[in-house]
Amino acid sequence: MRKKIRPNANSLIMSMRSLGYSFNNAIADIIDNSISAKATKIDILCNWDNQEPFVEIKDNGTGMTSEELEEAMRLGSKSPLHERDKEDLGRFGLGLKTASFSQSKKLIVKTKKNDKSFEAIWDLDLVEKENEWFMDIEKLEGKNALETNGTIIRWEKIDTLEKEDKKNSQEYFESVTDQLTKHISLVFHRYISGDYGNKIIFSVNGNVCVSADPFFKEKSTNQPPEIIANKCKVISYALPHHTKCSSEEWEYHAGEEGYLANQGFYLYRNGRLICKATWFGLARKLEMRKLCRISIDIDNSSDAEWQLDVKKSRATPPQQIRGRLRDLIDAFSRPAIKKITKRAKALISKDKLPIWERFVSSDRQIIYKISKEHPSIKFLLNSLNDELADETEKILALIEKLIPLQLISSDYAENPKNLITEEFTIKEILDHAKNIIDYYIKQGLSEEESYDILQEVDLFRENWNSIKDSL
């Protein structure tokens, strides 16, 4: 005997609220619908009204008829297996409902198309009380009708935000909206800049979102695109070294998590960022790769292969593409690594007589030692009697062993522009130069020979005109 078994509305609706949406991902899912409706302006209003927050997402898209609105409010309105318009950002036909229900218990949708306005309401308190899928829908007329084509999504009964007291809750809500602005600026940066079709203007509480391109294309270098399996386009970018950009640019493109965390693949579906800063388990995040960011572009025909989740915030490369990405990671990373290692090699080899020497053992252990051949160190040691010279060498060895390498490395990784060394004054440089010259002359060298040795040291070479005029 075949029986029709209807899902329990009360239980199912509560389960749908627990899919793991963040506030930002939920808003982004709603925005996807506005973009699919050809909107060119999308305004998000997050407001606090008598300690009861509400959110509105308003667009100037095509709007919906009564039938289209009813279908849009249906749970699972479109199968992910059905062919979609190639520019459609939807996936399961659940986004509007699951994203809204994850944050609020009342979803109100107002829309206008062909000079007719309609409103539909899901109230989860009513569904829970009646244990039935009751939805209100009606035509809007007169002053209640929308003035122009488009759609307004409104969330009420938002129960996912803190409400301990009005002051703390409002501060929390304001911080959430600030993070939302940053999220939209990144996830939809190609739409904001017009890099993917027509430009779209986004605003949050009246503040226009600015494109946050993670690839810093103005100063980054990129490799030619790689097309994998005729389905995805991959482009590798090597961001500029911190010496090649301003402090403001460096900090902005680091992102809140920093360069180390933000390296890796950035997956885009129809121009919309799905997931960021991941190696998909194919490689580890390393300091040497921190300037490497790689875009991957797919379209909505690849959703099933990439196992795109309902929140459109996570995906997994199919096996064929995964293997190719693994093979290419070294090549993709090489230009970014070169920018770091080239700079490091330049610093190491800058002085012919460096004060710090770098040694690498046969088992690749690295150690830094103070050079006894540096003119200043040589002058110091030879100016002392044997007993004091021995004690001084012990102090130098102590300094070598107690260099706070981990702390320096951590500070440099977090923000290299903040890690500075005190500059020598011209007087200090001159005093060092005179002492060294006097020492070598006493050793039997001529002034010219002493000058030649002095100019092998970068500090003196860069200030040679000042030194020469004072000798």
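The values are calculated or read from the model by the stated rules, or taken from the named source; none is laboratory data. Model, not experiment: these values are computed from the prediction. Cβ placement follows ideal geometry from the backbone for every residue including glycine, while neighbour counts extend to all protein chains displayed.
Failed condition for Lys312, given (1) surrounded by fewer than 21 Cβ atoms within 10 Å (Cβ to Cβ); (2) modelled with pLDDT under 90; (3) among the basic types (Lys, Arg), with all others met?
Failing condition for Lys312: (1).
Are there any pairs with C-beta distances below 6 angstrom linking a residue in the range 419-430 that is outside the structural domain of Glu462 (by TED's automatic domain parsing) to a residue that is modelled with pLDDT of 75 or more and in a helix (DSSP H, G or I), with the two at least 6 apart or on different chains, and if so which?
none
To keep it simple, each residue is scored yes or no on (1) touching a Pro at 6+ places or on another chain (Cβ under 7 Å); (2) farther than 16 Å from Cys292 by Cβ.
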site: Thr221; (1), (2): yes, no
site: Glu249; (1), (2): no, yes
site: Glu256; (1), (2): no, yes
site: Leu260; (1), (2): no, no
site: Leu273; (1), (2): no, yes
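Could you run through the range 361-402 and say how many residues are in a helix (DSSP H, G or I) and of a type in the set (Lys, Arg)?
3
So for the range 437-446 (the condition being free of Cβ contacts under 8 Å to residues at least 60 places away in the same chain and over 20 Å from Leu381 (Cβ atoms)), does at least one residue qualify?
yes
Taking the criterion of being part of a loop (DSSP other than H, G, I, E, B), modelled with pLDDT under 75 and on the phi > 0 side of the Ramachandran plot, would at least one residue in the range 416-424 satisfy it?
No: zero hits.
Within the range 207-248, track down each residue that is touching a residue at least 24 places away in the same chain (Cβ under 8 Å) and surrounded by fewer than 16 Cβ atoms within 10 Å (Cβ to Cβ).
Of everything in the range 207-248, those that are touching a residue at least 24 places away in the same chain (Cβ under 8 Å) and surrounded by fewer than 16 Cβ atoms within 10 Å (Cβ to Cβ) turn out to be Asn207, Val210, Lys219, Thr221, Ala229, Lys233, Thr243, Lys244, Ser247.
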